[in-house]
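The structure under discussion appears below in the form of structure tokens.
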Amino acid sequence: MRQPLVAITSDVRAFENYTWHAAPDQYLMAAYDAAGVIPLIVPSFGNGLDIDAILDGVDGVLITGSKSNVHPALYGAEPSPAHEPYDPARDATSLPLIRRAIERGIPLLAICRGIQELNVALGGTLATEIQELDGRMDHRAPQSDQQAERFAIRHPIRIKPGSCLAGVMNSDSIKVNSVHRQAIEKPAPALEIEAVAEDGTIEAVSVKTARNFAVGVQWHPEYWVKTDSPSRKIFAAFGDAARAHKASRERLHAAE
């Protein structure tokens with residue numbers, strides 16, 4: 001059976017005198033190796049894209065992390081230097097892509113910026129510079145030139161019993177990495193909190209009404225899929241959902 005195709009969001013970056021629509025290699029390789037799917041990068045063309053045409057051809061959607069943040073105007077906050085940098089073209093693409101994928105029951109995995117986009121797309125808000133809030137730990141990456149140190153697994157999270165994530169991990173606690181300075185503030189009404197850090201920071205959510213796998217995580221499982229079992233499990237679960245969706249679509253087409 002052909003491997004499922006999965007749409008992956010892109011960042012818009014300018015370098016080498018070009019404007020690039022790109023996604024980091026770690027997400028692409030995690031999707032390919034751990035989820036067993038073929039990743040396809042979606043250009044951030046905003047309203048210029050036919051979202052349904054894209055979703056007609058894929059069996060999953062992966063919303064990647066990024067250095068950029070969701071623009072505060074999209075969740076009713078005032079822009080400030082603390083919220084920067086922005087990527088409005090990505091916002092204009094990923095938010096409608098998220099909403100439509102959920103409406104159509106297409107498997108969805110949202111990581112770091114992705115979980116924040118998921119929350120904003122469904123009506124939630126974000127907090128910035130959370131390390132400055134009372135009682136919060138510093139969730140930013142440690143200062144280092146080595147990516148393995150920046151993305152090191154370093155703190156535990158508590159997983160809600162009976163949740164989707166609990167089923168994936170077969171555990172009520174795992175350790176994750178932490179490379180962010182924003183997080184969910186007010187969860188969207190459609191989201192279920194699946195895991196929290198020891199300081200109460202929301203680390204994972206699922207979509208209550210989703211007809212398929214629809215999970216967001218604040219950490220970066222893509223970095224350690226080859227050596228960390230929980231990281232690999234989240235991608236494997238996403239891949240299984242994409243394969244099930246593909247099989248369902250093929251059965252429907254065969255019956256027509």
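For this structure, a couple of remarks:
- Counted by Cβ distance under 10 Å from His71, the other residues give a net charge of -2, where Lys and Arg count +1 and Asp and Glu count -1.
- Legend: calculated FRET efficiency, Arg158 to Leu5, from the Cβ-Cβ distance at R0 = 41 Å, rounded to 0.05, equals 0.75.
- For segment 1-141: relative contact order, % (alpha-carbon pairs under 8 angstrom, 6 or more apart): 25 percent
- Across segment 185-201, coupling constants 3J(HN,Hα) worked out from phi with the 6.51/-1.76/1.60 Karplus curve, θ = phi - 60°, read 9, 9, x, 4, x, 7, 9, 9, 6, 9, 7, 9, 7, 4, 8, x, 4 Hz, and Gly and Pro carry x.
- Where labels lie 7 Å past Cα in the beta-carbon direction, separation of Asp134 and Gln146 in nm: 3.9 nm
- Asp25 exposes around 90 Å² of accessible area when a 1.4 Å probe is run over every protein chain in place.
- Fraction of C-alpha pairs exceeding 23 angstrom in segment 102-230: 28 percent, rounded to a whole number.
- Rg and Dmax of the chain, Cα atoms only, in Å: 17.3, 58
- Under 27 Å of direct C-alpha separation, and excluding same-chain neighbours fewer than eight residues apart, Lys186 reaches these lysines: Lys67, Lys160, Lys175, Lys208.
The values are calculated or read from the model by the stated rules, or taken from the named source; none is laboratory data. The structure displayed is predicted, hence computed values, not measured ones. Methodologically, a virtual Cβ is constructed for each residue, glycine included, from the backbone with ideal geometry; neighbour enumeration extends over all protein chains shown. What goes into the accessible areas is simple: the full protein's heavy atoms, side chains included, and nothing from ligands, DNA or RNA. Shrake-Rupley method; radii C 1.70, N 1.55, O 1.52, S 1.80 Å.
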